[in-house]
Every structure is written in structure tokens, then in C-alpha cells.
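Here's the structure we're looking at; comments come further down.
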Amino acid sequence: MDFHADTMTEALVRDSDSFEDLIAAVGAEDDRSAFARLFGHFAPRVKSYLMRTGSDPSSADELTQEVMLLVWRKADRFDPRQANAATWIFAIARNKRIDCYRRDRRLELDPEDPIFLPAPPPAADQSLEAAERATVLGQAIATLPAEQGELLKLAFYEGKSHAAIADEARIPLGTVKSRLRLALARLRLRLDPES
């Protein structure tokens, strides 16, 4: 943009209403001349800001158009008591820049990253121990009263919350909690009698 055009735009704005008044005119009356004045003043500044914050010229042009379109569409929501016109417009520009960054950011995945490799199978002795513990636990749960065993299954195997169990079993929440505590105490005694 040349200096002469920028000086003329500032003179037009200076001779007329404030930026806040221009936004109000756009919001209340869809005033195209007020918007043209806003656009002439702020579009180059918004583009410059976007380029300083990392946008290439093409993206900055596109984002500037989107920002000014939002100024047109949301002018009726502008509240001069909360911010001046420049602050409001540059907040829109900053938010559009963040949205664009999030949208365009591509996660580079490294196929050799250990997180993508399958976990090694457990050692045979670990598998055997786990199976034995599961069998012993299953037998211990089988010795519990049916209602306690069912509550344990719902809480620990199905991962349901105490409130969900109370709703499902149609019993008070306090009863669910006390029965689960009692069941866990009985299991502890059965599995580790010395504790």
C-alpha cells in the first residue's frame, strides 16, 4: 500500500465518525460506506499483524477477508464500553489466526515411535501367575453373597459408578457403598487371611 492512499484513508476517517461510530452504523444500518472506511483503515493493519504472527501473504490476505467479513456480520454485537474498535477487530484477527493454526496444524507421526509398536507378549510365567490370580479371585467372589458379588462385578468389571449401580439395582447409594465395602473386606480376608 502506498503512503498517499493510506493518508487519504486516515483523512476520511478523521473527518467522519469515530471507528466505534462506524461499527455502530454497520451494525445498526448495514452502512456500506462506514464499512468501506473501516475496511480501508483496518484491513492493511490486520494483514500486517497476521504476517507478523507467522501467516504467509496469501493466508494473511484470506484471513484478513474473513476477519473483515466477521466485522460486518458481528458489528451489531460490538460494545464500545468493553473495548475500542481496534481492540475488538484485532481480537477477532487473533482468534481467526488461532483457528487457522489449529485447523492447519498437522501431526507428524513417526511410524518407528515405540508407542506404535505392539507391546511384547507377557512371559509365560507371568501369564500363568495372572491366570492363577484370576482363578483364585473368581473363587473368592463366588463365596460372597450373590448381591455383593453382583455389585463387585458391576463396579470393577463393568466400571460402573456407585450412583449408576444404585440406579440399576434400585437400591440407595449408601447401601451400594456399604455392601461394596463389606464385600471388599470379605475378599481381603479370604485372599490374605494374615492381613
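The values are calculated or read from the model by the stated rules, or taken from the named source; none is laboratory data. These numbers come from a predicted model, not from an experiment. Neighbour counts run over all protein chains shown; Cβ positions are idealised from the backbone, glycine included.
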Flag for T87 being outside any loop (DSSP other than H, G, I, E, B), free of Cβ contacts under 8 Å to residues at least 12 places away in the same chain and within 30 Å of T53 (Cβ to Cβ): yes
State whether one or more residues within the stretch 88-111 are at pLDDT 90 or above and polar (S, T, N, Q). yes
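So that you can scan it fast, the table gives a plain yes or no per residue for (1) basic (K, R); (2) surrounded by 14 or more Cβ atoms within 10 Å (Cβ to Cβ); (3) over 18 Å from L137 (Cα atoms):
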site: Y157; (1), (2), (3): no, no, no
site: K160; (1), (2), (3): yes, yes, yes
site: A164; (1), (2), (3): no, yes, yes
site: A169; (1), (2), (3): no, yes, yes
site: P172; (1), (2), (3): no, no, yes
site: S178; (1), (2), (3): no, no, yes
site: A183; (1), (2), (3): no, yes, no
site: L187; (1), (2), (3): no, yes, no
site: L191; (1), (2), (3): no, no, no
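Can you tell me which of P118, P111, P122 is over 20 Å from S55 (Cα atoms) and surrounded by 10 or more Cβ atoms within 10 Å (Cβ to Cβ)? Before the answer, list the steps.
Numbers: P118 fails: surrounded by 10 or more Cβ atoms within 10 Å (Cβ to Cβ); P111 fails: surrounded by 10 or more Cβ atoms within 10 Å (Cβ to Cβ).
Answer to the selection: P122.
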